[in-house]
Amino acid sequence: MTVSKDIAIVKHEDTKPGTNRFPRVVIIIMLAEFCERFSYSGMRAFLTLYLRSKLGYTDEGATEIYHIFSTFVYFFPILGGIIADNYLGKFRTILYLMFVYAAGNILVAVTAIPYLDIPKRLCTILGLFLITLGTGGIKPCVTSFGGDQFNLPQQEKQLALYFSILYFNICTGSLIAKTVSPILRSDVHCFGDRDCYSLAFGAPGFIVLISIVVFVSAKNRYLMKKPEGNLLFDFIKCVSLGLKNVVLKRTEKHSHWLDSTQHRYDKRFIRDVKKTLSILMLFTVLPMFWALLDQLGSRWTLQATKMDGRMGFFTIKPDQLQVLGPICILILIPLSQKYIYPYLEKYNILTNPLHKLTLGGVLAGLSFIASGLVEIYIKTTYPELPQLGYSQLRIFNGNPCTISLHNDQMGLVYTIPSLSHYTNKQIGVNGIKDMHFRLRGDCIETADEVFTLSENKATSFFVNGNNTVRFIDNVDKSKSGLPFVRFLVTDRVKLPNVTLFNENRKEIESYIKTGVSVQTEVYMSEYSVRIGDKVVMSDISMNNGGVYTVMIDKNGDDYVSKMIVITEPNSVTMALLFPQFLIISTAEVLFAVTGNEFAFKEAPESMKAVMTAVWLLTEAAGNVIIIIITRLFANYKQETQSFIFTGMIFTSISVFHFMARGYQFGFNDIEEKNERRRSSRVFYQQVKQAEDCLEH
């Protein structure tokens, strides 16, 4: 009776109506994954800027933390796979880790609120760790959980379509997130800041909560498979045993060192391990590609902050530039699959996946050559910063008359008009140096002043009547890319309602007080200075990257003002970055998409989970390489580091091309098919025997 029941089940599954339909419940899974990818990509787009501009990390420090974050994101899939396959199953693993993910987003969002007296760096790092644990653990489960909903082998075509739609879905979520998140960050201001990172982090957290609701809503419709054990453990144990036998010289009688494990593992499993190891040998040199690709969100974003994002009627934000990647990928994938690859294969070009991987690596190297050349060009517009052994001196004349400077030591006689300044950027200073100046003018008393300069600082002095105010200027561009402005207001301006008015936003940007104001960030916009309702200075353009000083005085009944450009704003257009983004996006289609397909198709059936985990680990290893290179070459110029990465990718791809020449494609596939045919014959013989028994 048991046999007859099993036979009935087999026949029912074979003839089950609707098996060729695309499982609708998979759409729910892909929608949940869309929300998760939207959250991750959106937060990652501006993470480097947040670490640098709000938490005070250097460019190198922000880059290092960003890539440590990315490393854990691609390391934790191993942990997620183990938990899902051995303990909780895919559904519960995804659900629980979504809550961990949301908790991380909420913690970082709360930490970004400037008024809270909490250890911001520590809480941010903890929040990022929870995000890596959540998204890293979810990553290997969602794809396979969606695949579990298909009835194989009847729905193999639908399964292939699922993978294509899923990748397109991920790219679409990334594209929307990288467009919207920078807008939430920069165009909304909250808690007195010119931006709103708490909203930018909080919105992705809210999206994750939505994804949880969407995912759970179809719980009763999912096909859930019980945990069956993780083959990754068996793979590691088999390889370890084989290596142990090599060390103990127990492999003389075997043609391959893994054959010495036959007393513990069956031949088919050992064969699969051999095949997997042959693929892993190729993968050992592939992390270098990810070391280049993953710098789009760190080094290339920082590079964009030093450039002009104005493109006609709209302005591109530095972290928004990353949308070029998904846009190019969404265009290139269908073009390459439908037209480019068939055309090239027709002329025997790019005939196998390894050729595409090689070309992808070469293009990645070319993109970094382009990045290095752009950096060299941008440097011509960088401000001259104070150097060790020197100090910069600026003297601002806030008087209604011209004053003259006299310094016998320097042989200096210089005349400063009203509301103007004197600059000397190369004064030798070791530690602290006092300089004696005689000040003369028709509206001030002749006086001898001592100006104290500090080494490696831009020291400025505001001469206001017979008073001189000393302050340290920041002449470097803002880390966020926004304009910097400082106000120098004389004692003759008594009114309290002096304002800087944003003409584009039609709102007051800041209130101005008498004396030397602090240097503050403002939006790139057109401004006017108003005293009450009276406009005393108009047509003030403050552009990204510029450092400005606005001087305001009163001469009789008239107010006078003047804007001085301390550091020129960004002038090199971001359009120069388009070629490198296009090149590396093409490289990503050739490398990332092809590599994922290669790993899935070439891996033996029993090792596909292992191969997926290892493929994700190559990206984690790539981020580790970035951290190491950043540390080793921290004192090297940015363009030099770009060329170092170029040399490394060309070297690794050359090694890969040499190794790939001896690779044999799919030799296990024939054995797999023969094995399946033999198993099928045995199975149907058993079924026939059972039917004969029932007839009698």
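The values are calculated or read from the model by the stated rules, or taken from the named source; none is laboratory data. Model, not experiment: these values are computed from the prediction. We place every Cβ from the backbone using ideal geometry, glycine too, and count neighbours over all the protein chains shown. Note: accessible area is taken over every heavy atom of the protein model, side chains too, but ligands, DNA and RNA are not part of it. Shrake-Rupley method; radii C 1.70, N 1.55, O 1.52, S 1.80 Å.
Can you give the accessible area per residue of the chain, in Å², using a 1.4 Å probe? Could you put the intermediate results ahead of the total?
Numbers: 32760 Å² over 696 residues.
Per-residue accessible area for the chain comes out at 47 Å².
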Inset, instruction - Compute, for Trp290, the solvent-accessible surface of its heavy atoms (probe 1.4 Å) with the complete set of protein chains present, and express it in square angstrom to the nearest 10. - result: 10 Å²
Legend entry - Interchain or long-range residues, amide H under 5 Å from Asn456's placed H: Gln387, Gly389, Tyr390, Ser391
Inset, instruction - Note the angle between two axes, namely the Cα long axis of helix 231-247 and the longest principal axis of the Cα atoms of the chain, as a number of degrees from 0 to 90, rounded to the nearest 10. - result: 80 degrees
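Just reorder Ser186, Ser418 by solvent-accessible area, largest first, 1.4 Å probe, all chains present.
Ser418, Ser186
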Inset, instruction - Work out Dmax and Rg for the range 160-228 from the C-alpha atoms and quote the Rg first, both in angstrom. - result: 17.1, 54
Inset, instruction - Report, in cubic angstrom per residue, the convex hull volume of the C-alpha atoms of the range 182-271. - result: 215 Å³
Inset, instruction - Compute the length gained on full extension between Val469 and Phe22: take 0.36 nm times their separation in residues and subtract their Cα-Cα distance, giving the result in nm to one decimal. - result: 153.5 nm
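With a 1.4 Å probe and all protein chains kept in place, how do Arg37, Arg194 rank by accessible area, largest first? Spell out each step's value before the answer.
On the way: Arg37 20, Arg194 55 Å².
Of Arg37, Arg194, the descending order of accessible area is Arg194, Arg37.
Within the range 227-358, how many Lys pairs that are eight or more residues apart, or on different chains, come under 14 Å at the alpha-carbon?
So the count works out to 4.
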Inset, instruction - Go ahead and run the numbers for FRET between Ser144 and Leu116, Cβ-Cβ distance against an R0 of 30 Å, rounding to 0.05. - result: 0.15
Legend entry - For the range 39-159, fraction of C-alpha pairs farther apart than 18 Å, in %: 57 percent
Legend entry - FRET efficiency, Phe206 to Ile183 (Cβ-Cβ, R0 22 Å, nearest 0.05): 0.90
Inset, instruction - Give me the number: length gained by fully extending Asn635 to Phe168, i.e. 0.36 nm times residue separation minus the C-alpha to C-alpha distance, one decimal in nm. - result: 164.1 nm
Legend entry - Long-range HN-HN contacts of Leu405 with modeled amide H, under 5 Å: Tyr414, Thr415, Ile416
Inset, instruction - Provide the solvent-accessible area of Val535, counting protein heavy atoms only and rolling a 1.4 Å probe, rounded to the nearest 10 Å². - result: 70 Å²
Inset, instruction - Might you work out the accessible area of Met224 for me, using a 1.4 Å probe with all protein chains in place, and round it to the nearest 10 Å²? - result: 90 Å²
Legend entry - Proximal lysines to Lys494, defined as alpha-carbon separation beneath 23 angstrom and excluding residues fewer than eight positions away on the same chain: Lys513, Lys534, Lys554, Lys562
Legend entry - Per-residue ³J(HN,Hα) for the range 338-355, Karplus 6.51 cos²θ - 1.76 cosθ + 1.60, θ = phi - 60°, Hz, x for Gly and Pro: 8, 10, 5, 4, x, 5, 5, 5, 4, 9, 6, 10, 6, 7, 9, x, 5, 5
Inset, instruction - Would you calculate, for the chain, the mean residue ellipticity at 222 nm contributed by helices, counting each DSSP H stretch of 4 or more residues as -39,500 (n - 2.57) and dividing by all residues, to the nearest 500? - result: -17500 deg cm²/dmol
Inset, instruction - Could you point to the label whose value was computed as Rg/Rh (Cα atoms, Kirkwood Rh) for the structure here, given (i) 0.99; (ii) 1.10; (iii) 0.95? - result: (ii)
Inset, instruction - Have a look at Ala620, Ile165, Ile432 and report the one farthest towards the positive end of the charge dipole of the chain, computed about the Cα centre with Cβ charges (Lys/Arg +1, Asp/Glu -1). - result: Ile165
Inset, instruction - Return the sequence-ordered ³J(HN,Hα) values of the range 413-429 in whole Hz as given by the Karplus equation 6.51 cos²θ - 1.76 cosθ + 1.60 applied to θ = phi - 60°, using x for Gly and Pro. - result: 10, 9, 9, 10, x, 4, 6, 9, 8, 10, 10, 9, 9, 9, 10, x, 9
Legend entry - Under-5 Å amide H pairs with Ser541, H placed in peptide plane, nonlocal only: Tyr527
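For the range 257-374, count all C-alpha to C-alpha pairs, find those more than 24 Å apart, and express that count as a whole percent of the total. Write out the running numbers ahead of the final one.
On the way: 3655 of 6903 pairs.
Considering the range 257-374, 53 percent of its Cα-Cα pairs are separated by more than 24 Å.
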Legend entry - the chain: angle of helix 638-660 to the longest principal axis, Cα-based, in degrees nearest 10: 10 degrees
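By average Cβ neighbour count within 10 Å, what is the ranking of 291-299, 550-558, 81-89, 430-438 from highest down?
Details: 291-299: 24.4, 550-558: 16.1, 81-89: 19.4, 430-438: 13.7.
Averaged packing, sorted descending, gives the order 291-299, 81-89, 550-558, 430-438.
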Inset, instruction - Place a label point 7 angstrom from the Cα of Ser404 along the Cα-to-Cβ direction, then list the residues of the range 437-454 whose backbone nitrogen is under 18 Å away. - result: 437-449
Inset, instruction - With θ set to phi - 60°, apply the Karplus curve 6.51 cos²θ - 1.76 cosθ + 1.60 along the range 117-134 and write out the HN-Hα couplings as whole Hz, x wherever there is a Gly or Pro. - result: 8, 9, x, 5, 5, 5, 5, 5, 4, 5, x, 5, 5, 5, 5, 5, 5, x
Inset, instruction - Take the alpha carbon atoms of the range 460-526, find their center, do the same for the range 28-103, and report the distance between the two centers in whole angstrom. - result: 40 Å
Legend entry - Between 0 and 90°, nearest 10: helix 608-632 axis offset from the chain longest Cα axis: 30 degrees
Inset, instruction - Could you tell me what percent of the accessible area of the chain is made up of carbon and sulfur, with a 1.4 Å probe and every protein chain present? - result: 59 percent
Inset, instruction - Please state, to two decimals, what the Cα-based radius of gyration of the range 519-663 comes to when divided by 2.2 N^0.38 Å (N = residues). - result: 1.85
Legend entry - Added length on full extension, which subtracts the Cα-Cα distance from 0.36 nm per residue, Lys338 to Glu521: 61.0 nm
